[in-house]
Amino acid sequence: VCLTGCSRDLMVKINQICHQKSLKFFTGDVFGYHGYMFADLGEHEFVEEKPKVAKVNPNVEDGPDTKRAKLDSSETTMVKKRVVFCPLKDALAVDWSEEKAKAALKRTTPDYFLLQ
């Protein structure tokens, strides 16, 4: 479900319905130079391809090779990951006085507060 140009209450209501029925939900809008986008994908599973780490030569006792592993770009491994998205209502109801939220405040764009 994709929404744009809707009121906050309508977005929250439709997102709650989508979240309960495990439907993917997207909303966004643009106001001149500012805009927002929100996605609630529920439980989303995906596969990520990562390069394998080459093992360090055990015969080398000293030097840069013993301190860091090297990435082998020719071999990769597939890693299955799972992300759980929160509903829009929870994203808008963050208590910014909590310690965890204070740490995230530096990474939060000012546009989030314009949406509020």
Next on the checklist: Can you find, within the range 1-18, the residue that is least open to solvent (accessible area, probe 1.4 Å) among those that are among the β-branched types (Val, Ile, Thr) and in a helix (DSSP H, G or I)?
Outcome noted: Val12
Checklist entry - Pairs, please: C-beta under 7 Å, at least 6 apart or cross-chain, first residue farther than 14 Å from Asp40 by Cβ and in the range 4-19, second among the basic types (Lys, Arg) and at pLDDT below 95? => result none
Next on the checklist: Kindly evaluate Ala101 against the criterion of being open to solvent by 60 Å² or more (accessible area, probe 1.4 Å), under 19 Å from the mean Cα position of the chain (by Cα) and modelled with pLDDT under 90.
Outcome noted: no
Next on the checklist: Considering only residues that are among the aliphatic types (A, V, I, L, M) and under 23 Å from Lys80 (Cα atoms), which ones fall in the range 16-53?
Outcome noted: Leu23, Ala39, Leu41, Val47, Val53
Item to check | Selection from the range 32-49 of residues that are free of Cβ contacts under 8 Å to residues at least 40 places away in the same chain and either under 16 Å from Leu92 (Cα atoms) or assigned to a strand (DSSP E or B) (or both) | outcome: Met37, Glu45, Phe46, Val47, Glu48, Glu49
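The values are calculated or read from the model by the stated rules, or taken from the named source; none is laboratory data. Note that the structure is a prediction, hence the values are computed from the model and not measured. Cβ coordinates were reconstructed from backbone atoms using ideal geometry, including for glycine residues, and neighbour counts include every protein chain displayed. What goes into the accessible areas is simple: the full protein's heavy atoms, side chains included, and nothing from ligands, DNA or RNA. Shrake-Rupley method; radii C 1.70, N 1.55, O 1.52, S 1.80 Å.
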